[in-house]
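Here's the structure we're looking at; comments come further down.
None of the figures in this text is laboratory data; all of them are computed from the coordinates on show. For clarity, every value in this text was computed on a predicted model and none was experimentally measured. Note: ideal-geometry Cβ built from the backbone for every residue, glycine included; neighbour counts use all protein chains shown.
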Amino acid sequence: MFNKILIANRGEIACRIIRTARRLGIATVAVYSEADRESLHVEMADEAVCIGPPPSTESYLLIERIVEACRSTGSDAVHPGYGFLSENAAFPQALAKAGVSFIGPPVAAVNAMGDKITSKKIAEQAGVNSVPGHLQSLSGADEAVEIARGIGYPVMLKASAGGGGKGMRIANDDDECRDGFERARSEASSSFGDDRIFVEKFITDPRHIEIQILADTHGHVIHLGERECSIQRRHQKVIEESPSPFVDADMRAAMGEQAVALARSVDYHSAGTVEFIVGADRSFYFLEMNTRLQVEHPITEAVTGLDLVELMIRIAAGEALEIAQADVKMTGWAVEARIYAEDPAQDFLPSCGRLVRYQPPIADYVRLDSGVREGGEIPIYYDPMVAKLVTHADDRPAAIARMQRALDEFYLRGISHNMNFLAAIVKKPRFAAGQLTTNFIAEEFPDGYDAENMDEQEWRRFVCVAASVHQRLRRRAKGMSGRMSTGSLDLPRQWVVCHGEKRSSVTMSSTGDYDEVVVDDMRMKVASNWPPGARLFKGAIDDVIVCVQVERAGIAYRLAMGGVIAELMVLSPRSAALYALMPVKEATDSSQFLLAPMPGLLVSVAVQSGDEVDAGQELAVIEAMKMENVLRASDHRKVASVLVSPGESVSVDQPIIEFV
């Protein structure tokens, strides 16, 4: 067994690896960039080494810096986590020359499976079902269009060295194919240093299902069942679960058999994942093999009871697997939600900044893999993932219900995040029914995510909570003023709860155990021990358990629950009548400028002074948190001047282009 492991990664995966190593009695070394000096993984490790400036190209992606850190700390093995150097074959080669073990697959397997074109050819030879496509690197946009026409639209343009949704575009016609090729190539070059793009048929209404495999150096290869990863946005997984609600025992066996065959064909060892695209008729096709630990590995651990990081370490140390295929049992159901620093209300633009409040849910059925803490920073240089939230239960409905509650209880402030969007996904009837495809988000949110969209039942519950909170705050205020005792009920009973143009009349009465709230003639019972100032209102409304996030927003209460965020005012009838007469403040006109919607690096500007642009035309590209974001014109305009040059960093709302 190893004495000291260096983790060549950061954030939640570094912390997760450290926890297992510590349990095994293995010392750990963290590496960090200057931006991560105060990060949690640095604090958790036994030793830490700074490897360079914030950009990953100057720190986490520099093989020589990692190797030198191994030498200086006496590390005898390296776990790469995922991303960064985890699937770069040059990395384990450099480690081998330095006499350091790589906790991952052999170089030949990394080379074979790391290239999507090569891997598809190997898969076909191994008898694995493959998607129709052109398995050659495209020379340019013209060839991309020619090949796409031959295959038939829609097609998927993909980076050969890609992963994590980077360098991927769907094209439905020639124009989208040309634009998608350029975007995919640029993104692939930036993310992987390899701009090769290939094209394959896009399967309509597909599911994304993957098989986890384990293989040791003694010839034993097994699979650990499947993960359903169909809930995606921009080809990046958002919510995963294990097992899949679509896969039966026969299908699981067939997919597992092909995944094992592929692993054997490249003499694979370590943990790995074979991803399949699955049609509605249960036909499945090889997509790619990830020669590393997957982001979503915790749900497999939850249902199998295995520690994949421990098994990777033991395999790399030369130990044989102690479990056979027949020993693998999947117990219960697990759901994972990826929490990202992004703003769903602004087309999921990346967010960065300080975690002013960070209060995760605590329950025996919740697992949280995170690399942050309250007061920490989410930097602009890396992936926007904040944490992975996992719930486990005996069956799927219970696991989903637990996820809904856990998302409501997770209180995070200081950055924009996607937790309310995740909550909106898991409460969809279609999600509960298991009717999932990779188009789920586009179809269920055709006009984007509207955080204020709620049905009448949700509205009444929000009204009850706002009225109850307001009444308790008023009771405390009167008690503190000395005008009444805190136990007195001498408070107004009639209120009007307003949200935009929507309003409800409320009558309040209280007993020692609950508040009785009449909302527009509907009587409801609110039971809660909520103390004024608490961030979470936990209780029950008509015996339905609720957890609502509560904070003040001026004279309103900002409430969040079940994917809904709304600001409600609780006013006296007279104040409500007067408030309805108040003029609406007009927003400041900023249409003269193209403003940066997020902090990032200005990659390119497509216009210059004097140019006239039409609606939808590309104006600039900003790279933030490893993704390129194209800024387009909203209408016909003339460019007065370009205020920022490519290569410069921009801040939120910084003017980039001025229009006439």
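In the set (1) 87, 52, 49; (2) 87, 82, 52; (3) 79, 66, 54, which value of Cα extents along the principal axes in Å was calculated from the structure you see?
(3)
How much mean residue ellipticity at 222 nm does the chain get from its helices, if each DSSP H run of length 4 or more adds -39500 (n - 2.57) and you divide by all residues, to the nearest 500 deg cm²/dmol?
The helix-only estimate for the chain comes to -8500 deg cm²/dmol at 222 nm.
Where the centre of each part is set by its Cα atoms, how far does the stretch 355-395 sit from the stretch 260-279, in angstrom?
29
Full extension from ASP447 to GLN592: what is 0.36 nm times the residue separation minus their Cα-Cα distance, to one decimal in nm?
Values: separation 145, 0.36 × 145 = 52.20 nm, distance 2.60 nm.
Result: 49.6 nm gained on full extension.
How would you rank TYR449, TYR340, going from fewest to most other Cβ atoms within 10 Å of each one's own Cβ?
Details: TYR449 20, TYR340 27.
Lowest to highest Cβ neighbour count: TYR449, TYR340.
PRE reach from ASP205 (point 7 Å along Cα→Cβ): which of the stretch 255-279 fall under 19 Å by backbone N?
Those under the cut-off are 277-279.
Explain nothing, just the number: dipole magnitude of the stretch 268-353 about its Cα centre with +1 on each Lys and Arg Cβ and -1 on each Asp and Glu Cβ, in debye rounded to the nearest 20. Please report the intermediate quantities before stating the final value.
On the way: 5 positive and 14 negative charges, 38 e Å.
Dipole about the Cα centre, nearest 20: 180 debye.
Along the charge dipole of the chain, pointing to its positive end and built from +1/-1 on Cβ of Lys, Arg, Asp and Glu, which listed residue (ALA398, SER244, PRO379) has its Cα farthest out?
ALA398
Determine which residues of the stretch 437-467 fall in the zone a paramagnetic label at ASP542 would reach in this model, i.e. backbone nitrogen under 17 Å from the point 7 Å along Cα→Cβ.
Label zone hits: 454-467.
Express in nm, to one decimal, how much length is gained between ARG37 and ARG413 on full extension, taking 0.36 nm for each residue of separation and deducting their alpha carbon distance. Provide the component values of the computation, followed by the final result.
On the way: separation 376, 0.36 × 376 = 135.36 nm, distance 2.19 nm.
Length difference between fully extended and current span is 133.2 nm.
Over the stretch 376-469, what per residue volume does the convex hull of the Cα atoms give, in whole Å³? Each step should come with its number before you reach the end.
Working: hull volume 14.9 nm³, N = 94.
Each residue corresponds to 158 Å³ of Cα convex hull volume.
Could you tell me which of LEU473, SER509, VAL497 has its Cα farthest along the dipole of the stretch 456-579 towards the positive end, charges placed at Cβ (Lys, Arg +1; Asp, Glu -1), taken about the Cα centre?
It is LEU473, whose Cα lies furthest towards the positive end.
Quick one: go through the stretch 553-587 and flag any residue whose amide nitrogen is under 19 Å from the point 7 Å out along the Cα-to-Cβ line of MET522.
Under 19 Å, as judged by backbone N against the label point of MET522, lie 559-570 of the stretch 553-587.
Would you mind computing, in nm to one decimal, how far apart the modelled labels at GLU146 and HIS220 are, each placed 7 Å from Cα along Cα→Cβ?
So the two model labels end up 5.2 nm from each other.
To the nearest 20 debye, what charge dipole does the chain have about its Cα centre, counting +1 at the Cβ of each Lys and Arg and -1 at the Cβ of each Asp and Glu? Each step should come with its number before you reach the end.
Working: 69 positive and 92 negative charges, 455 e Å.
The calculation lands at about 2180 debye.
Between the stretch 127-189 and the stretch 16-80, how many Å separate their Cα centres?
36
Pull up the cross-link candidates among the lysines for LYS166, meaning alpha carbon to alpha carbon under 24 Å and not fewer than 8 places away within one chain.
LYS116, LYS120, LYS121, LYS158, LYS201, LYS237, LYS388, LYS626
Give me the distance in nm between label points sitting 7 Å out from Cα along the Cα-to-Cβ direction at GLN325 and ALA280, one decimal.
3.2
Length gain on complete extension for the stretch SER645 to LYS478, per 0.36 nm per residue less the alpha carbon to alpha carbon distance? If you can, show how the numbers build up before the last one.
Numbers: separation 167, 0.36 × 167 = 60.12 nm, distance 5.80 nm.
My answer for the length gained is 54.3 nm.
Using only the Cα atoms of the stretch 4-103, what are the Rg and Dmax in Å?
Reported Rg and Dmax, both Å: 11.9, 33.
Under 8 Å for C-alpha pairs, at least 6 residues apart: give me the relative contact order for the stretch 593-659, rounded to a whole percent. Numbers along the way, then the final one.
Working: 166 pairs, mean separation 30.3, N = 67.
Result for the stretch 593-659 is 45 percent.
Can you tell me the alpha carbon radius of gyration of the stretch 203-355 divided by the globular rule-of-thumb value 2.2 N^0.38 Å?
Numbers: Rg = 16.4 Å, N = 153, 2.2 N^0.38 = 14.9 Å.
Ratio of Cα Rg to 2.2 N^0.38 Å: 1.10.
Between SER609 and THR57, what is the spin-label point distance in nm, taking each point 7 Å from the Cα along the Cα→C-beta axis?
So the two model labels end up 2.9 nm from each other.
Taking every DSSP beta bridge that has both residues in the chain, what percent is antiparallel when rounded to the nearest 5? Show your work: numbers first, answer last.
Values: 118 of 133 bridges.
Roughly 90 percent of the beta bridges in the chain run antiparallel, per DSSP.
Can you report the principal axis dimensions of the stretch 540-636 using only the alpha carbons, biggest first, rounded to whole angstrom?
58, 36, 20
Quote the charge dipole size of the stretch 250-304 about the Cα centre in Debye, to the nearest 20; the model charges only the Cβ of Lys and Arg (+1) and of Asp and Glu (-1). Each step should come with its number before you reach the end.
Values: 4 positive and 8 negative charges, 13 e Å.
Roughly 60 debye, rounded to the nearest 20.
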